Structure formats: C-alpha cells, structure tokens
Amino acid sequence: MTLLAFGINHTTAPLALRERVAFAPENLHAAMQEACAHAGLAEVAILSTCNRTEIYANSENDAATIQAWLVSHTAIEADDLAKSYYCYQDQEAVRHMMKVAGGLDSLVLGEPQILGQMKSAFASAKEAGTLGAELHATFQQVFNIAKRVRTETAIGENPVSVAYAAVSLAQQIFSNLKQDTALLIGAGETIELVARHLAEQGIKHIIVANRTLDRAQRLAAEFNGEAILLADIPEQLHRADIVISSTASQLPLLGKGAVESALKKRKHKPMFMLDIAVPRDIEEQVGELDDVYLYTVDDLHAVIDENKKSRVAAADQAEEIINEGVEQFLRHQRALNAVATVKAYRQKAEQMRDAELQKALRTLQSGANPEQVLQQLARNLTNKLIHSPTAVLKEASAGSRHHVLQVAQELFDLTLPDLSSPPKESVNSVADHSSAASEPQ
C-alpha cells in the first residue's frame, strides 16, 4: 500500500483551473466514498480550499488512477490536469502534508487557517468512513508537527493572512477606511478575519450578507454591523465602498448587471471588490466596469510577498522540525514491519514455556523434589530458547558474516568478555548444551 498526496495549488494552476476541481463541502462525503469505490483507494481524505485541492490516499494504484477519477468527477480537462498536478509518495507525501499543515506551502507563508482546514478534511473523511488506521496515524503525526511549527517558531507571529492581505489591498485604494462601508459576503472563518482586520483599521460600517440570516447576524453583532441575506445584496450593494466575498457557492453571486445598477445609484463613485472564493463569487466581466477595482485571490501575491520576509527565517527552522517529523514517521513505519516477527517469536517462546511447564507439573505429581524440578525447568527452558539463535550465530561466525554477530550483540544487549582471559564456555559448548536440551526427553 502506498501513501499518495495528489493535487493542484496556487503555484501549479491559475484560479480559472483551480475552481474547476474545487469540492463543495456538502459534496465531500459522497466524493470520498465514490473515490474509494471507483478509484481503488483503500483510504482517502480531500482538502479543498481557495488555493488548493489535494487528495490524500492509501492505495495499491498510482497517481494515474486518481487523475482519471478527478477528470471524470470534476469539470477539469485531462490535458489541463496533466500539466498542473503534482503527486508525492510515502515519505515525500508525509513531508508535503506537514508543509501544508504548517503553512509552509501556502500563498501566505505561515498562515494559520490551513491547519484548521486540514483538520476539517480529516474530520470529514472520518465521518464519511473513508479514513482507515494508516491515514489516521499519518494525519496525527502531521498535526503534531504542525503544532510544533506553530509553538516553536515565529512563523505565525506577524498578522500575514489572506484576510490581512485583503484589507491591506483595500487600504491601497481607500487610504482612510473610517469613512467607508464594507459589504462582506459569507460568514466563514476568512470573512470573520476580514471583519476583524477592518474593525482594527476603523472601518465606518460593516454589512454581512449570508445565505442564512442567523449566522450573518451573529458575526455582524461582534462589530456593531448589519446583517442581510444574499438575496438582499442587489438592493444594498450601492451602499458598499468595499466588497469582499468568500463563500462556498458553486455559482457566481454577483453579476455585471447588478454591479452596474449599484454604480448608477452611487453616481459612479468607485468600488473596491475582492473575490477570494474558489469558485469565484463575482463574475469576471464585472472587472470591465470603469468604476470597479476587481481583484481575485491571485492578485494578493504582491501584498503577501512584502509580508513574507519576516517569516523566512522562521520557515527554515520549521523545515528542520518537519525533517524530524518525517524521520519519526519513518521510524514508526519501520517499527510496524517488525510486528509480525515479534508476534511469531513470542508465540514460539510461549509454546516452549507451556511445554516445559506441563512437563514440570507431571514430574511434581510423580513425587519428585520440587527444587530439582524447578532447576530442571529453568535449565530446559533456557537451553530451548537459546538453541536456534546459537545455531545461527555459530553458522554466521563460520561464514564470516560478522554483521549477524553484531546485530545479535545489540539485539540481546550483550557485553562481550575480555578476550585476554580464557572464555569459560565456548560457543560450541553452548551449542552442544542447547542441542542436547532440544532433544526429546
């Protein structure tokens, strides 16, 4: 079974391509179950954000299987996916997952939201029944390392995030936000962060629009704002100087006609619009209007690059932690390989013990001296346990396979006697004793 991390992200594919493979939250369970059933994946979890769609899986198949399933399940063309996907296997897959969870692979270096998004992907896979023991253990190791990155480095100290970059970009258009009204479309974590940053910059008024009014009201109440439904946006749009949208809608919420009507009511006073949703919430044609400054998540690169500099040193330290995490993961995987051998060895030892114990009990029942019976039990059991290893060591020594002797010394925690003194008992004599003990009595 191979661990795979397959996906596309902001560095390998433009927004127009990423939005074709985005999974709506309500469709995730069915998609993961279908991937297991039709793509031959033993375990699977899907992470879908504005900057990436990634599939984490355990499978006996290779990347081509996932690639074919993704083409059949989404709107992406096979040629487009072939040019933009990446796929990591086993330890490199673990390394990639750790970098993603730690924010080292994000558009905003060190941004904290991605860890929560990965935890949500983990929870969704668990609920869908597509998360098995191996992928579960992998995620736990990934989360542990991401936590270390957060607590042991300064990568998350400065407020650099998509939300922060969004507000910074708005400030470049409107230098003084204290006279402006912001319309925030959606009520998720990113919009909440945007609202918080806007409030810190003294925004005059916040309007929160959401599919459900209750959630919009809860968020708006934190900032003394106003809540409306998505259906109310066309009537209220003219009031907004700043529009920032981030929903999980699969279709655009704002079209060119609605924005044109709002601009007429505003007497063509400029509007700043930032669409950070994938798929996009605002039609691309809105950007053709003269009085609209329309940006997408991909336009945040310049703002974010400025803020990355303070996190570069911390990223180097985070890479070291990730290297340690990958090594820990590999040690754990290698340890699992010994489980079958350990079980077989224990079973064999227990069979020897039971056989010698029964023999000793029969001897005691016949009236033999208990002390002599116990001594014979200990001697027989010891000789039987060391018989096979002794025979192998003797053969290895004769064949100059010294590495076997070295492994045995480590395995049995042996301290060798001083070779300048004559040995009390040779390997041959021990072998003779153990051979004798293994003969039927």
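The values are calculated or read from the model by the stated rules, or taken from the named source; none is laboratory data. Quick caveat: nothing in here was measured; it's all calculated off a predicted structure. All Cβ positions, glycine included, derive from the backbone under ideal geometry; neighbour counts span all protein chains shown.
Remarks
- Count - residues of the stretch 18-33 that are surrounded by fewer than 20 Cβ atoms within 10 Å (Cβ to Cβ) and in contact with a helix residue (DSSP H, G or I) (Cβ under 6 Å, 6 or more places away or on another chain): 2
- Residue 325 meets the conditions (1) farther than 20 Å from residue 113 by Cα; (2) modelled with pLDDT of 95 or more; (3) crowded, with 20+ Cβ neighbours inside 10 Å in every case but one. The failed one is (2).
- Flag for residue 154 being out of contact with any Ser or Thr (no Cβ under 7 Å at 6 or more places or on another chain) and in contact (Cβ under 8 Å) with a residue 12 or more places away in the chain: yes
- Scanning the stretch 51-71 for residues that are over 23 Å from residue 277 (Cα atoms) and among the polar types (S, T, N, Q) yields 58, 59, 61, 65, 67.
- Some residue of the stretch 35-48 being surrounded by 16 or more Cβ atoms within 10 Å (Cβ to Cβ) and over 18 Å from residue 129 (Cβ atoms): yes
- Count of residues meeting criterion [under 30 Å from residue 303 (Cα atoms), within 20 Å of the chain's Cα centre (by Cα) and surrounded by fewer than 16 Cβ atoms within 10 Å (Cβ to Cβ)] in the stretch 60-104: 1
- Number of the exception - residue 282 against (1) buried (at least 20 other Cβ atoms within 10 Å of the Cβ); (2) modelled with pLDDT under 95: (2)
- Hits in the stretch 151-172 (condition: crowded, with 17+ Cβ neighbours inside 10 Å, of a type outside the set (S, T, N, Q) and in a helix (DSSP H, G or I)): 162, 163, 164, 165, 166, 167, 169, 170
- Picking from residues in the stretch 105-120 that are of a type outside the set (Asp, Glu) and surrounded by fewer than 22 Cβ atoms within 10 Å (Cβ to Cβ), the one that is farthest from residue 54 (Cα to Cα) is 112.
- Among the residues making up the stretch 73-114, those that are among the aromatic types (Phe, Trp, Tyr) and in contact with a Ser or Thr (Cβ under 8 Å, 6 or more places away or on another chain) are 85, 86.
- Number of the condition not met by residue 373 [criteria: (1) of a type in the set (Val, Ile, Thr); (2) surrounded by 10 or more Cβ atoms within 10 Å (Cβ to Cβ); (3) under 30 Å from residue 90 (Cα atoms)]: (3)
- Only residues that are part of a loop (DSSP other than H, G, I, E, B) and either more than 20 Å from residue 173 (Cβ to Cβ) or touching a Ser or Thr at 6+ places or on another chain (Cβ under 9 Å) (or both) were counted in the stretch 261-282, giving 6.
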